[in-house]
1. Might you tell me the accessible area per residue for segment 487-621, computed with a 1.4 Å probe and given in Å²?
2. Given the chain, report the % of alpha carbon pairs whose separation exceeds 46 Å.
3. Taking a ≥ b ≥ c as the square roots of the eigenvalues of the Cα gyration tensor of segment 98-214, is the shape rounded (a/c under 1.5), prolate (a/b larger than b/c) or oblate?
4. Determine, at each q value in 0.16, 0.21, 0.24 (inverse angstroms), the log₁₀ of I(q)/I(0) that the Debye formula gives when each Cα of segment 454-498 is one equal point scatterer.
5. What's the carbon and sulfur percent of segment 525-648's accessible surface, probe 1.4 angstrom, rounded to a whole number?
6. Pairs of alpha-carbon atoms within less than 8 angstrom and 6+ residues apart define the contacts here; what relative contact order does the chain have, in percent?
7. Would you check the accessible area of residue 142, probe 1.4 Å, heavy atoms only, in square angstrom rounded to 10?
8. Helix 143-154: angle to the longest alpha-carbon principal axis of the chain, degrees 0 to 90, nearest 10?
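The values are calculated or read from the model by the stated rules, or taken from the named source; none is laboratory data. All values reported here derive from a predicted model rather than from experimental measurement. Here the Cβ positions follow ideal geometry from the backbone for every residue, glycine too, while neighbour counts run over all protein chains shown. Only protein heavy atoms, including side chains, enter the accessible area calculation; ligands, DNA and RNA are left aside. Shrake-Rupley method; radii C 1.70, N 1.55, O 1.52, S 1.80 Å.
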Amino acid sequence: MGDPNKKKEEEMEASSRDPSLPYKVGIPPKQKLWKEFSATLKETFFADDPLRSFKDQSGPRKFLLGAEAVFPILSWGRGYNLSKFKGDLVAGLTIATLCIPQDIGYAKLANLDPQYGLYSSFVPPLIYALMGSSRDIAIGPVAVVSLLLGTLLQDEVDPVANPLVYRRLAFTATFFAGITQATLGILRLGFLIDFLSHAAIVGFMGGAAITIALQQLKGFLGIKKFTKNTDLISVVKSILSSAPHGWNVPTILIGTSFLVFLLSAKYIGKKYKNLFWIAAISPLVSVILSTFIVFVSNAEEKGVQIVKHIEKGINRPSVDEIYFTKEYALKGLRIGIVAGMVALTEAVAIGRTFAAMKDYQIDGNKEMVALGAMNIAGSMTSCYVSTGSFSRSAVNFMAGCQTAVSNIVMSIVVLLTLLFLTPLFEYTPNAILSSIIISAVIGLIDYDAAILIWKIDRFDFVACMGAFLGVVFISVEIGLLIAVSISFMKLLLQVTRPRTALLGKIPGTNVYRNIQQYPEATKVAGVLIIRVDSAIYFSNSNYIRERLLRWLTDEDELLVATRLPKIQFLIVEMSPVTDIDTSGIHALEDLHRSLQKRSVQLVLANPGPTVMDKLHASDVADLIGEDRIFLTVADAVQTCSSKFSDEV
């Protein structure tokens, strides 16, 4: 409750106010420190008010709501019916036909045996189905994360010389990837993944797609000795050096013919939406046909490399294989954080895309917890890092999935494959796996997005191309580092070098807008109006002060050249200034002193409540003068113009 006498005085003052005078800028009521701090904390970490549904609920009801928050299946599962199951069954079977051949190929990208790719499409999707909030995302190994993991791991351990240590380090990295993801979700730090800009992601994904495709040329051409480096120059040298004797013609024929088939099926599925299933089943059809051809023709004897043995049976426990001590634990932690963040970025982006298409919301923090939990569980059951796959999720969406049950159906099919069907893949040629991966990653090269980025923001395009070229010509991890660095650089530039604009009056109105945007807007004699388009913090306060003085200097030089009176009033339009800190306050004080030496008066227009509160708390409002702080630019101009006219 406020002071009734003070309120009465304010009402009397308002009723007796001269309407010809400018309206005074309001001073917000003083908030208690704890209340202000808690409001800021809530807005930063709990903007979605996650505990809203718990208000005024009984103890048992709160327990049920808590269980539903951790396991969303308890919420949507109550309304599940046969009609939804039909859609999920068809979608699950469809994505299973796509994931099985892809998983075998992606495991090779990670330098792991083929069964580990299948393992990673069995346990993680089951965990996600229980804890995830997306209805459309399809979980499993993906090309980019597989390549990134394989590249980072082989920098530490040779997968051929030390396969056991390599595998254990892969499980360790997966464990720490899950810990990273779950921690970000629990601490509600999901906004951190937004620091990797869309442009940087487009460039990184495109570069990774080309790198993955180049790596597949080993199996596609039948080359036995191939470089371990991933950069374009090393790969091209390796291919050309093996050309005279290392290429296998039957392998090339198999790879080329089925790549044409896969790309044709993909084109048909993309052009005719009702035939999406052709693209979805084409990888499995390719595997079946190529395996049969190799088996009946004894192509192995002609140098065609085949998958050979895939271990039969379900995932083995691998808790005892995770490194928790010594140097490998730290290496696993470092690799896991990088792989976990990339996997997280991809999964959340996919989830949001399809949620927007179906008009429902996903909770980013819950998604992180779900992804973290499934990777932690996966690391303990012989899986490597899994995440949302865009190609599979798109097929899942088009196949009519209704809920995460489609992931359960896919897991069951993978389980049956592990138990009974793995011997059938013994004669599958490596060339067909390479063709499947090449056809899958081509879709990651988003030309349209790159062109749009160029049209919208050239600096974003620099970030996009920096990430792309870094991946293609140096390495995946360097490309990722470049992507993150350029994203941060852009953020820092925007924070430390905010925009300012010279305002003029739109003819026939009292509206003041950017002269660059509205050339017809006119300047006001003796008055310079500048808008600051950012909060004023320690990082930009000196720049803003210097930029305002430079605006004044430039304008005065122009006026002197045309023999017109100099500027006497500098109006700073502060509508976009959402906040100001101590450095910003000092910058205003310094600006005021500098202007006094030039016989120019500082005027503020429309400072917000936070800024106004701090101006009064620091006595800067008194320094500038209450009569020089206005509600609108029009009020400020009216007052300043009349004073300028009187002086002239």
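1. 50 Å²
2. Across the chain, Cα pairs with separations above 46 Å total 36 percent.
3. Here segment 98-214 falls in the rounded category.
4. Rounded to two decimals, the profile gives -0.42, -0.66, -0.78.
5. Answer for segment 525-648: carbon and sulfur cover 50 percent of the accessible area.
6. 22 percent
7. Its heavy atoms expose roughly 10 Å² to the probe.
8. Here the helix axis deviates by roughly 80 degrees.
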